[in-house]
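First the structure, in the form of C-alpha cells, and then the observations on it.
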Amino acid sequence: MSTFDQVANIIAETCDIPRDTITPQSHAIDDLGIDSLDFLDIAFAIDKAFGIKLPLEKWTQEVNDGKATTEQYFVLGNLSARIDELVAAKSA
Amino acid sequence: MHLEYFQLIDRIASLDLEGRSIKVEAEVPLTSTIFEGHFPGRPLMPGVLLIEAMAQASGFLLIASMNFERMPFLAAVKDAKMRSFVQPGAKLEIAAKVTHEGSGFAMTIAEITIAGKKTCNASLTFSHVPFPNEEFRRHMATVAKRIGLPQSAGTQD
C-alpha cells in the first residue's frame with residue numbers, strides 16, 4: 001500500500017470522511033475541512049503507522065513565517081512525500 | 001484540593017520521568033459551594049472536575065517531562081468514564097501515563113481510584129506551547145513545588 005493510501009485511510013477513519021473523496025490533490029484543511037485538533041489525531045496515527053514524528057510545529061512556524069505554504073505540507077500528495085522523506089531520514 | 005482556585009491535586013506520590021508516569025493524591029473537600037447546587041441533599045463531585053483532576057495530574061507529568069519549558073493545555077477528552085459517585089471527603093488516587101509524544105502535542109491515559117477501586121478513566125490529548133511569560137512559568141513551578149514535584153524535575157525556582 002502506498003504512503004498516500006495509508007494516509008488517506010487514516011484520514012477517512014479518523015475524521016469520518018468518505019475514502020473515495022480523498023485524493024492526492026486534496027488539501028487537508030481547505031478541501032477536507034480538517035481542523036488543527038482533528039489533525040492531532042491524524043498526526044498521532046501517522047506517527048504510529050510510520051514510526052516517525054511529524055514536525056507539525058516546525059511546519060506551522062514555517063507557514064506562519066511565510067517560508068512555506070500550507071500546500072507544501074497539507075496537500076495529501078505532498079504530505080505523503082514529506083512522510084517518505086522522514087521515513088528515509090530515520091532509516092538512513 | 002482547592003476547588004475555588006481550580007487546584008485539584010494535593011500531593012505528588014510518585015513521578016517516573018523515564019517511564020513517563022505519575023501518581024498523585026487529591027482529597028475532595030467536605031464542603032464547597034459547588035455541593036450546594038450539585039446536588040442539594042446529595043453532594044457529588046462533578047464528573048467534569050474528575051476529568052479536570054486527571055488532566056491536571058497528566059499536566060504536571062508533561063510539564064516535568066518538558067523541564068518546565070512548555071505548558072500543556074487540555075485539547076481533547078476521549079472515552080471518559082465515571083464509574084461511580086464521588087462524594088465529599090473521598091480520597092482520590094490519580095495515575096497518568098504518557099501514551100504518545102508528538103510535535104506540539106501529547107496524549108495520556110489517566111485513571112482515578114478510590115480505596116483501590118477504579119472510579120474514573122479517560123484518554124486525554126494536550127497541545128503544548130512554550131510558557132507565554134515568566135510569571136506563568138514561575139506560578140506553575142511554585143504550585144508544582146507545593147504539591148511535592150521533585151526538585152530534579154525543574155521546580156528549583
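Here are the numbers for this structure:
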{"item": "Unmet criterion (only one of (1) within 14 Å of chain B (Cβ to nearest Cβ); (2) open to solvent by less than 40 Å² (accessible area, probe 1.4 Å); (3) of a type outside the set (Val, Ile, Thr)) for A:SER36", "result": "(2)"}
{"item": "Enumeration of residues in segment B:41-90 that are in contact (Cβ under 8 Å) with a residue 12 or more places away in the chain and either on the phi > 0 side of the Ramachandran plot or basic (Lys, Arg) (or both)", "result": "B:ASN67, B:PHE68, B:ARG70, B:LYS78, B:ASP79, B:LYS81, B:ARG83, B:GLY89"}
{"item": "Criterion: away from every other protein chain (no Cβ under 14 Å), open to solvent by 30 Å² or more (accessible area, probe 1.4 Å) and under 19 Å from B:ALA144 (Cα atoms) - qualifying residue of B:LEU61, B:LEU17", "result": "B:LEU17"}
{"item": "Failed item in (1) touching a residue at least 12 places away in the same chain (Cβ under 8 Å); (2) farther than 14 Å from B:ALA53 by Cβ, with B:HIS139 passing the rest", "result": "(1)"}
{"item": "Residue in segment A:66-82 that is within 25 Å of B:LYS78 (Cβ to Cβ) and free of Cβ contacts under 8 Å to residues at least 12 places away in the same chain present", "result": "no"}
{"item": "Any hit, segment B:45-67, residues being under 25 Å from B:PHE136 (Cα atoms), aromatic (Phe, Trp, Tyr) and touching a Lys or Arg at 6+ places or on another chain (Cβ under 7 Å)", "result": "no"}
{"item": "Qualifying residue in segment A:23-32 (condition: more than 10 Å from the chain's Cα centre (by Cα), within 12 Å of chain B (Cβ to nearest Cβ) and either buried (at least 18 other Cβ atoms within 10 Å of the Cβ) or under 22 Å from B:SER127 (Cβ atoms) (or both))", "result": "no"}
{"item": "Qualifying residue in segment A:54-72 (condition: crowded, with 18+ Cβ neighbours inside 10 Å and of a type in the set (Gly, Ala, Ser))", "result": "no"}
{"item": "Condition met for B:PRO88 (more than 26 Å from A:ILE52 (Cβ to Cβ), out of contact with any strand residue (DSSP E or B) (no Cβ under 9 Å at 6 or more places or on another chain) and at pLDDT 95 or above)", "result": "yes"}
{"item": "Complete set of residues in segment A:39-51 that are more than 14 Å from A:GLN6 (Cα to Cα) and either more than 10 Å from chain B (Cβ to nearest Cβ) or of a type in the set (A, V, I, L, M, F, W, C) (or both)", "result": "A:PHE39, A:LEU40"}
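The values are calculated or read from the model by the stated rules, or taken from the named source; none is laboratory data. Here the structure is a predicted model, which means the values were calculated and not measured. Reconstructed Cβ throughout: ideal geometry from the backbone, glycine too, with neighbour counts over all protein chains shown. SASA here: full protein model, heavy atoms, side chains in, ligands and nucleic acids out. Shrake-Rupley method; radii C 1.70, N 1.55, O 1.52, S 1.80 Å.
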